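**Student:** Sharing a structure here in structure tokens format.
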Amino acid sequence: MGPVIRRRRVKRSGDRFVLNLRDHEADILRELADALDPMLDDPSSDTGLHRLFPPAHPDDVMAEAAWQIEQGAALRDSRRASLDALRTSGPLDEVGLIAWMQGVNAVRLVVGERLGTSGDPSDDERYRRALVLAQGEGPEAEAAEALLHLAAVADLLAGLVDDAVHALGDD
């Protein structure tokens, strides 16, 4: 079997960047941005947002509260701006592509948190087991199918971040 060739979905064209997304990929990005956006109002209410909003002072409640008062709104606004960029179909300038990439990465972090991925080999075993379970019927099969769907979304998001990084490095 020969090498796997993956289609790059972000390409440089002069000083602009073109997003070459299939319709369903663009729909996924918009849907994820729309779902995540309202959750930013109170990031502490959802543990899935922990990777987007890690505590600045985890060992000092007072310092953390002060930081949230001073900087929390700015961080939420920044996250919102990057999610807004996901609703763009391009072409983008470099600043726009970076915002778009930050939006993709923000969603990727939340999806990864939902998956509970750790990057260790047990994750692969969990997916192999899910592939078998998804062939059946009932609640276990439905849960396995949902896990596999979320894992496919995570793979898409990781690939988009990779494509954006490569496009930024192209001359």
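**Student:** What is the residue count in region 46-84 for residues that are surrounded by 12 or more Cβ atoms within 10 Å (Cβ to Cβ) and either within 13 Å of the chain's Cα centre (by Cα) or outside any helix (DSSP H, G or I) (or both)?
**Tutor:** Total satisfying the criteria: 14.
**Student:** Ok, one more. For the structure I just gave you, tell me whether residue 113 is outside any helix (DSSP H, G or I) and modelled with pLDDT of 75 or more.
**Tutor:** No; evaluated as a whole, the condition is false for this residue.
**Student:** Here are 82, 89: which of them is under 22 Å from residue 25 (Cα atoms), touching a helix residue (DSSP H, G or I) at 6+ places or on another chain (Cβ under 7 Å) and modelled with pLDDT under 85?
**Tutor:** 89
**Student:** Which of the residues spanning region 21-64 are among the polar types (S, T, N, Q) and in contact with an Asp or Glu (Cβ under 9 Å, 6 or more places away or on another chain)?
**Tutor:** The one that is among the polar types (S, T, N, Q) and in contact with an Asp or Glu (Cβ under 9 Å, 6 or more places away or on another chain): 47.
**Student:** Based on this model, can you work out whether residue 94 counts as modelled with pLDDT of 90 or more, over 19 Å from the mean Cα position of the chain (by Cα) and not hydroxyl-bearing (Ser, Thr, Tyr)?
**Tutor:** yes
**Student:** Of the residues that make up region 15-23, is at least one modelled with pLDDT of 90 or more, assigned to a helix (DSSP H, G or I), on the phi < 0 side of the Ramachandran plot and surrounded by fewer than 16 Cβ atoms within 10 Å (Cβ to Cβ)?
**Tutor:** yes
**Student:** What are the pairs with Cβ atoms under 6 angstrom where one residue, in region 61-90, is farther than 16 Å from residue 50 by Cα and the other, located anywhere, is exposed (fewer than 11 other Cβ atoms within 10 Å of the Cβ)? Sequence gap at least six, or different chains.
**Tutor:** none
**Student:** Go through the residues of region 123-136 one by one and say whether even a single one is buried (at least 16 other Cβ atoms within 10 Å of the Cβ), at pLDDT 90 or above and over 14 Å from residue 32 (Cα atoms).
**Tutor:** There is no residue in region 123-136 that is buried (at least 16 other Cβ atoms within 10 Å of the Cβ), at pLDDT 90 or above and over 14 Å from residue 32 (Cα atoms).
**Student:** Residues being loosely packed, with under 14 Cβ neighbours inside 10 Å and closer than 15 Å to residue 36 by Cβ: count how many of those fall in region 85-99.
**Tutor:** 0
**Student:** State whether the residues of region 40-58 include one that is touching a residue at least 40 places away in the same chain (Cβ under 8 Å), of a type in the set (Val, Ile, Thr) and over 25 Å from residue 163 (Cβ atoms).
**Tutor:** The answer is yes, given that some residue of region 40-58 is touching a residue at least 40 places away in the same chain (Cβ under 8 Å), of a type in the set (Val, Ile, Thr) and over 25 Å from residue 163 (Cβ atoms).
The values are calculated or read from the model by the stated rules, or taken from the named source; none is laboratory data. Just so you know, these numbers come straight off a predicted model, no measurement behind them. Neighbour counts are summed over all protein chains in view; Cβ atoms, including those assigned to glycine, are modelled from backbone coordinates with ideal geometry.
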